[in-house]
Amino acid sequence: MALTKSLKEIIAEDRTGLLSKHESWERVCLREVADVLNGFPFESRLFHPSDGTPLIRIRDVLTGTTETFYTGEFENQLLVKPGELLIGMDGDFNCARWRSGPALLNQRVCKLTADERYYSGRLLEFVLPGFLAAINAATSSVTVKHLSSRSIEEIELPLPPLAEQTRIVEKLEELLSDLDAGVAELKAAQKKLAQYRQSLLKAAVEGALTAEWRAKNKPQETGAQLLERILKERRARWEARQLAKFKQQGKTPPKDWQAKYPEPVKPDTSNLPELPEGWVWSSIGECFHVVVGATPSRKKPDYWNGTIPWVSSGEVRFSRITETKERITWEGLNNSSTQINPVGSVLLGMIGEGKTRGQVAILDIEAANNQNCAAIWVSETAIPPEYVYFWLWSRYEETRRGSSGNNQPALNKSIVESIPFPLPPLDETKAIVAVLDQAISQAIAQNATIEHSLKQSAAQRKNILKAAFSGQLVPQDPNDEPASVLLERIRAEREAKEKDKSRHRQRKTSHA
């Protein structure tokens, strides 16, 4: 997790335009015009969800709010005031103004305070994201990327004349305020769309969406009868496979061999809500065969680039899978514990602290999968895979909370099999899918339009910032104090401070 290039190399190789400067400007190290205060490693045993002093952690930098409080003692210099500039030093290296009340600065978060005599704090806020993104891209890491305060202090900021800094900030605020307001509206619409989708999914899998349909249509079999049929068919498939295995081995089936049938997982219904008439609670493992895949050895070239599609957990993203990024060979399949899943299988992401865990997808092709996702063989039943897909989508957050493990929360096969599953009559599952397919498709299309607009806004913002940092957004004024003179003053004061500190140290040494 090291920075692979110097800051000068990063600036020289920049193609975004966000690290540029006008030819009449200078460059100044951030440490010369701003103070960097690192957070403190507060004891986690003194953290509390509601009592004590608010504590800023990395995840809080962008949200501007915190749900963590510290109940111990602290030094007042570690209190962050509203509006102060923060940087998250792990992950994506985000920076933002703190938007809540006074809060403590936790480790791996730092606070920047610009010396407004030489550098506008607002300009620093506009300039920093481009540099942090470039540093992030040049930082190698196996897991989470880490940013050092030294790298922050060594950032070579563009240094316009002070008067020009003021003009740049005023123009940026004028242009970006409308743009940011539009982005806020788009994100609010996106959030409402997501809430609508979730409420629609919830209404569907709880039976509210098809209440009128149920009143007009009497089912040929209830959910309980459908479940009984699924269980009989499932046992019959197991027995047929066992008999075929005995025949292949030339063996006579032993006495009571049927007694070894692994009974599927029944749901714990004690805390589950009441279902509509004709529905029944089951579980994923009771209704369907669940398998976990594997990754053939990467050290064996003969196992890869074959003809068998192979799904990684990163490809399981609330979608239908029609192709895969990678393929394995038959040799790779036969030398690993993965298997080919039938069309119509529903894949569930099992591992990952990001969004992957709990996400689902439907296989529209036969494909193997890796060990980080479970394959639910819905196609062995008459239940539409879309119904299972929508059910798991509706309980995405709940599924994530059901993970095990502390350092790396994860699902496993037994957890997946125990997920409760509401089973309506078969005709009603088809009615639910028909309604949801249309509504969700419309919501997805609307979200795509919003995403396109957000990308356009991001590109427009980038162009405005590029113009600002290259000196093209506002005119240069020959009456401004030159940036070179400003830089001389900055460094002269810094040199004077260093001399004062040196004399102070000498006096302390002589009196000791």
Scoring the stretch 15-81 by relative contact order with C-alpha pairs under 8 Å, at least six apart, yields a percentage of 28 percent
Given R₀ = 56 Å, FRET efficiency for Asp500-Lys455 by Cβ-Cβ distance, to 0.05? 0.65
Exposed loop GluC sites (Glu not before Pro) only (DSSP loop, at most 15 other Cβ atoms within 10 Å): please give the longest stretch of the chain free of them, not including the sites. 367-512
Relative contact order %, the chain, counting alpha carbon pairs below 8 Å whose residues are six or more apart: 17 percent
Between the modelled labels at Ala445 and Gln371 (7 Å from Cα along Cα→Cβ) the distance in nm is 4.3 nm
Using the Kirkwood formula on alpha carbons, the hydrodynamic radius of the stretch 1-159 in angstrom works out to 16.4 Å
What dipole magnitude, in Debye to the nearest 20, does the stretch 423-512 give about its Cα centre under +1 on Lys/Arg Cβ and -1 on Asp/Glu Cβ? 1040 debye
Straight distance only, please: which lysines reach the Cα of Lys455 with their own Cα at less than 18 Å, same-chain residues fewer than 8 apart left out? Lys187, Lys191, Lys466
Would you kindly calculate the translational diffusion coefficient of the stretch 85-157, applying Stokes-Einstein with the Kirkwood radius from alpha carbon pairs, for 37 °C and a viscosity of 0.692 mPa s, and quote it in µm² s⁻¹ without decimals? 251 µm²/s
So which of Lys111/Lys171; Lys266/Lys430; Lys202/Lys462 end up more than 29 Å apart by C-alpha? Lys202/Lys462
Considering only DSSP beta bridges where both residues belong to the chain, give the percentage that are antiparallel (nearest 5). 85 percent
With unit charges on the beta carbon (Lys/Arg positive, Asp/Glu negative), name the residue among Leu55, Gln77, Gly88 whose Cα is farthest towards the positive pole of the charge dipole of the stretch 6-89. Gly88
Quick one: grab the alpha carbon gyration tensor of the stretch 221-424, order the square roots of its eigenvalues as a ≥ b ≥ c, and give me rounded if a/c is under 1.5, else prolate or oblate depending on whether a/b is larger than b/c. oblate
If you keep only loop residues by DSSP, which trypsin sites (Lys or Arg not before Pro) in the stretch 312-350 have at most 10 other Cβ atoms within 10 Å of their Cβ? Lys325
Under a plain spin-label model, where a point goes 7 Å from the Cα along Cα-to-Cβ, how far apart in nm are Ser484 and Ser337? 7.1 nm
Relative contact order, percent, of the stretch 1-159 when contacts are C-alpha pairs under 8 Å separated by at least 6 residues? 36 percent
Given R₀ = 35 Å, what would the calculated FRET efficiency be for Ser149 paired with Glu397, taking r from the Cβ atoms and rounding to 0.05? 0.50
Quick one: what Rg and Dmax do you get for the chain from the alpha carbons, in Å? 30.3, 102
Show me the helices of the chain, taken as full DSSP H stretches, that run 27 Å or more along their long axis by Cα and average -0.5 or above in Kyte-Doolittle hydropathy. 162-205, 426-469
Along the stretch 27-33, what does the Karplus equation 6.51 cos²θ - 1.76 cosθ + 1.60 (θ = phi - 60°) give for ³J(HN,Hα), rounded to whole Hz, x for Gly and Pro? 10, 9, 5, 4, 5, 7, 10
So how much slack lies between Glu493 and Asn305, counting 0.36 nm per residue of separation and subtracting their Cα-Cα distance, in nm? 61.4 nm
R0 = 60 Å: FRET efficiency of Glu185 with Arg45, Cβ-based, nearest 0.05? 0.90
Separation of the Ala133 and Gln220 label points, Cα + 7 Å toward Cβ, nm: 5.7 nm
Extended-chain gain in nm, criterion 0.36 nm per residue less alpha-carbon gap, Phe74 and Tyr196: 39.5 nm
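Read-outs throughout are calculated quantities, based only on the coordinates presented, and are distinct from any laboratory measurement. This one's a predicted model, so the numbers in the text were calculated from it and none came from an experiment. Ideal geometry is used to build each Cβ from the backbone, glycine not excepted, and the neighbour counts take in all protein chains shown.
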